[in-house]
Amino acid sequence: MIWNYLLVFLISMLPIVELRGAIPVGVGMGLDELITYIVALIGNMLPVPLIFLFARKVLVWGKDKKFTKKFFSWCLKKGENLGKKLTSKIGRSTYFALFLFVAIPIPGTGAWTGTLAASILNLDFKKTTIAVLAGVLTAGLIMMAISFGLFNVIFGN
């Protein structure tokens with residue numbers, strides 16, 4: 001049984017899949033729902049600080065290297081320009097937008113992508129972590145509801 005929870009944990013750490021894939025796997029294996037939710041949540045959040053703290057540093061480091069210079073410089077410049085444009089348009093709502101982005105449980109909108117964007121945009125670490133955590137909690141609840149077929153009951157499918 002512990003191996004099944006380990007599988008849920010590892011799946012939730014994967015980019016793109018994250019807890020959006022881990023929760024249905026855990027529910028499908030008949031694991032305890034609350035433990036599955038907690039294990040998937042922890043696995044999904046574990047990479048967040050590493051992504052935030054090192055993504056931008058890797059880009060800054062690579063912008064001066066022969067083979068990565070062009071692409072890494074482009075990523076940094078694009079990120080900075082988008083950050084300025086985004087901040088000027090939505091201002092203090094940036095972190096709420098980040099929360100919504102992470103909370104929507106579709107591939108490509110999870111903690112990995114949200115944190116990577118926040119790192120490149122040079123957002124605040126603590127505020128980013130809180131927004132991402134709130135988004136992951138919300139996405140996890142949505143995935144639990146979907147996994148239980150709640151939406152089939154509500155919408156009559």
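The values are calculated or read from the model by the stated rules, or taken from the named source; none is laboratory data. All values derive from a computational prediction rather than experimental measurement. Cβ placement follows ideal geometry from the backbone for every residue including glycine, while neighbour counts extend to all protein chains displayed. Note: areas computed on protein heavy atoms with side chains; ligands, DNA, RNA excluded. Shrake-Rupley method; radii C 1.70, N 1.55, O 1.52, S 1.80 Å.
Data for the structure
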read-out	value
Selection within the range 117-134 - assigned to a helix (DSSP H, G or I) and buried (at least 17 other Cβ atoms within 10 Å of the Cβ)	A117, A118, S119, I120, T128, T129, A131, V132, L133, A134
Members of the range 20-45 found to be closer than 13 Å to L141 by Cβ and free of Cβ contacts under 8 Å to residues at least 24 places away in the same chain, listed by number	L34, I38
Failed condition for R56, given (1) open to solvent by 80 Å² or more (accessible area, probe 1.4 Å); (2) among the charged types (D, E, K, R); (3) part of a helix (DSSP H, G or I); (4) over 30 Å from Y5 (Cβ atoms)	(1)
Selection count, the range 1-19, where residues are more than 14 Å from the chain's Cα centre (by Cα) and either outside any helix (DSSP H, G or I) or within 18 Å of I142 (Cβ to Cβ) (or both)	2
The one condition in (1) of a type outside the set (D, E); (2) modelled with pLDDT of 90 or more; (3) open to solvent by 20 Å² or more (accessible area, probe 1.4 Å) that L82 fails to fulfil	(2)
Total residues in the range 12-47, condition within 21 Å of T129 (Cα to Cα), open to solvent by 30 Å² or more (accessible area, probe 1.4 Å) and among the acidic types (D, E)	0
Extreme residue, most open to solvent (accessible area, probe 1.4 Å), among residues of the range 59-69 that are hydrophobic (A, V, I, L, M, F, W, C) and not in a loop (DSSP other than H, G, I, E, B)	W61
Only one of L14, L59 that is touching a helix residue (DSSP H, G or I) at 6+ places or on another chain (Cβ under 6 Å) and modelled with pLDDT under 95	L59
Criterion: in a helix (DSSP H, G or I), without any contact (Cβ under 8 Å) to a residue 24 or more places away in the chain, open to solvent by less than 80 Å² (accessible area, probe 1.4 Å) and not small (G, A, S) - qualifying residue of F101, F72	F72
